[in-house]
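Report on the structure given below.
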Amino acid sequence: SRYKVENVATINSKFDDFAAVYTNAKKDYKSLTFTSTRDESAGKEVDGWTGMKYSDLFETTLDKKGKWSVPKPIPFPVNTEDVNEGSASLDKKGTEMFFTRCETVNNVSSGCKIYSTKRKGPSWEEPVALPFNTDSFTLGHPCLSSDETKLYYSSDMEGGFGGKDIWAVLYDKKKKQWGVPENLGSKINTSGDEMYPFIRSDGTLYFSSNGHQPSLGGLDIFFCKAEGKDFGPATNMK
């Protein structure tokens, strides 16, 4: 096989560990940010959906011997008690982070929103909810494009094709403001769920879907190659 898949035992736990991204891709590839429901997550309550603690964002670094450090939770105000935080995306310098926060009130989910925060010394500034969030729908799984002008995410907001769709929103660096979100269309979105978008530097979009066919069952990983300003057909990675 061309690839060898290994269990990174230092990072993984018996709980849910997922959505790993490089923290500083411009400088090196020696630090990771990922989501986990392990015991070190903030708070004492258990999420009624999973039976585990609420998820938090964790960081780990690679040493000169090629070993990852024991993951540590990102401190407050990013991680908060008894709230799900996760699915982060960072700019190339690792100085700005976008992530999902799903709050729960009286054991009832009040929906998910996308937040941004900027690095402040060893910690992070108070996260701010992005302006296109809405209380009526859930938004999550942000992914920043390599030129840092577009944010992809998953949402069940109005104007979609059913379930959760993948959307994109432009950021105007001169005006320092976000535009109006746009649905990526029927080549990518279906009546099922499309989630966890990831955009490569060459413009190829990867995502999970349970609506495209052929499928091996449940959520499969698909990709769409960039074709100008549009995308080609969705292809199952088998």
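A few notes on this one:
- Alpha-carbon Debye profile of region 113-170, log10 I(q)/I(0) at 0.23 Å⁻¹: -0.97
- The chain, relative contact order in percent, only Cα pairs under 8 angstrom and at least six apart counted: 10 percent
- Relative contact order computed over region 118-194 (Cα-Cα under 8 Å; 6+ residues apart), in percent: 23 percent
- Kirkwood Rh in Å, taken over region 57-104 so that all alpha-carbon pairs contribute: 12.3 Å
- Local charge for LYS118 was computed over the other residues whose Cβ lies under 12 Å away, with Lys and Arg +1 and Asp and Glu -1, and equals -1.
- Separation of alpha-carbon centers, region 160-188 and region 64-129, rounded to whole Å: 22 Å
- Eigen-decomposition of the gyration tensor built on the alpha-carbon atoms of the chain gives equivalent ellipsoid semi-axes of 26, 22, 20 angstrom, largest listed first.
- The residues packed around LYS187, meaning those with a beta-carbon under 14 Å from its beta-carbon, carry a net charge of -3 if Lys and Arg are +1 and Asp and Glu are -1.
- Calculated FRET efficiency for the pair LYS118/LYS67, C-beta based, R₀ 25 Å, to 0.05: 0.25
- Lysine pairs meeting the criterion (Cα under 22 Å, 8 or more apart or interchain), as found in region 125-229: 14
- In summary, region 70-143 shows an alpha-carbon radius of gyration equal to 1.11 times the 2.2 N^0.38 Å reference for compact globular proteins.
- Computed extension length for GLU227-LYS14: 72.6 nm, one decimal, from 0.36 nm per residue of separation with the Cα-Cα distance subtracted.
- Modelled FRET efficiency - R0 30 Å, THR204 with LYS27, Cβ distances, 0.05 increments: 0.80
- If you take all other residues with their beta carbon under 15 Å from the beta carbon of ASP147, and give Lys and Arg +1 and Asp and Glu -1, the sum is +3.
- Note on LYS53: lysines with a C-alpha under 18 Å away, same-chain residues under 8 apart excluded, are LYS14, LYS44, LYS72.
- Partnerless Cys - the chain, beta-carbon criterion under 4.7 Å: CYS143, CYS224
- A full extension of the chain between THR95 and LYS150 corresponds to an added length of 18.1 nm, given 0.36 nm per residue minus the alpha carbon distance.
Bear in mind that the values in this text are calculations on the coordinates, not laboratory data. Keep in mind it's a predicted model, so treat the numbers as computed, not measured. Cβ: placed from backbone, ideal geometry, glycine included. Neighbour counts: every protein chain shown.
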